[in-house]
Amino acid sequence: MSAQRENRRAVVLLSGGLDSATASAMARAAGFELHALTFRYGQRHVSELEAARRVAAAMGVAEHQIVEIDLRVFGGSALTSDLAVPKDRDLAGPGIPITYVPARNTIFLAYGLAFAEVREARDIFIGVNAIDYSGYPDCRPEYVAAFEALANLATRAGVEGNRIRIHAPLLYLSKAEIIRRGLALGVDYGLTRSCYDPDEQGRACGHCDSCRLRLEAFAKVGVPDPVPYAKT
């Protein structure tokens, strides 16, 4: 690997969850210097912010910024309002669940794009997945491709020929495949948090979409999930 490749910068969107931790590890393994962005956006599962700090430290990121955005002003999601988080629902059921946060990934990527321009980074990593997921429209390959096109139309970097790439390395992986990839890269999943509705001690509920997808994946891999779960 050349020195030039080793010194490349990448912005990673780091939520503190399983997927973003794995995507960050993949970026690091590819030789990127990591500049991490985490968002406090009014989410009820704020335990993921501490998880993001732990993951960032473990990854040895060059920089970790926590950005304050209050998406509660818009409402419309169980993650940013008093709406109940669905538990034990049919994950294959029709429709987009109420845990969808309107335009969240578009907002996060827009911040990541600005951050990348200022840091002269040409690569942005996001841990979206279109296989084992809740059907969110901003986790699909068409969305990632469309945002990359926008990024290169709407920025000085793109117009001047410094192409910006949106990397979604988990897009076509199952959750079990993601975990296997992360374990091979040394990801400590005990540092991560994924639950949409943790208790006051930060323990995962075990029944929201995120918990169920995570638990099923660890079961398929054949290793226990190292995070604490509330007894129910």
- Of the residues in the range 163-214, those that are of a type outside the set (Asp, Glu) and without any contact (Cβ under 8 Å) to a residue 12 or more places away in the chain come to ALA184
- Go through the residues of the range 125-136 one by one and say whether even a single one is crowded, with 16+ Cβ neighbours inside 10 Å, among the charged types (D, E, K, R) and touching a residue at least 12 places away in the same chain (Cβ under 8 Å). yes
- Message: So in the range 187-232, with the set limited to residues that are of a type in the set (S, T, N, Q) and part of a loop (DSSP other than H, G, I, E, B), which one is farthest from the chain's Cα centre (by Cα)?
- Response: THR232
- Residue check for ALA92: at pLDDT 95 or above and surrounded by fewer than 17 Cβ atoms within 10 Å (Cβ to Cβ): no
- Query: Could you say which residue among ARG44, ARG9, ARG89, ARG53 is in contact with an Asp or Glu (Cβ under 6 Å, 6 or more places away or on another chain), among the basic types (Lys, Arg) and either at negative phi or without any contact (Cβ under 8 Å) to a residue 24 or more places away in the chain (or both)?
  - Reply: ARG9
- Task: Filter the range 171-187 down to residues that are of a type in the set (Gly, Ala, Ser), surrounded by fewer than 18 Cβ atoms within 10 Å (Cβ to Cβ) and under 16 Å from ILE126 (Cα atoms), then give me how many there are.
- Result: 1
- Task: Filter the range 48-76 down to residues that are small (Gly, Ala, Ser) and at pLDDT 95 or above and give me whichever is surrounded by the most Cβ atoms within 10 Å (Cβ to Cβ).
- Result: ALA52
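Residue by residue, here is whether (1) closer than 30 Å to ARG119 by Cβ; (2) modelled with pLDDT under 95; (3) crowded, with 18+ Cβ neighbours inside 10 Å holds:
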position	(1), (2), (3)
PHE147	yes, no, yes
ILE164	yes, no, yes
THR192	yes, no, yes
GLY206	no, no, yes
LEU215	no, no, yes
PRO224	no, no, no
PRO228	no, no, no
THR232	no, yes, no
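The values are calculated or read from the model by the stated rules, or taken from the named source; none is laboratory data. In this text the structure is predicted, and so the values were computed from the model without any measurement. Every residue, glycine among them, receives a Cβ derived from its backbone with ideal geometry; neighbour counts consider all protein chains shown.
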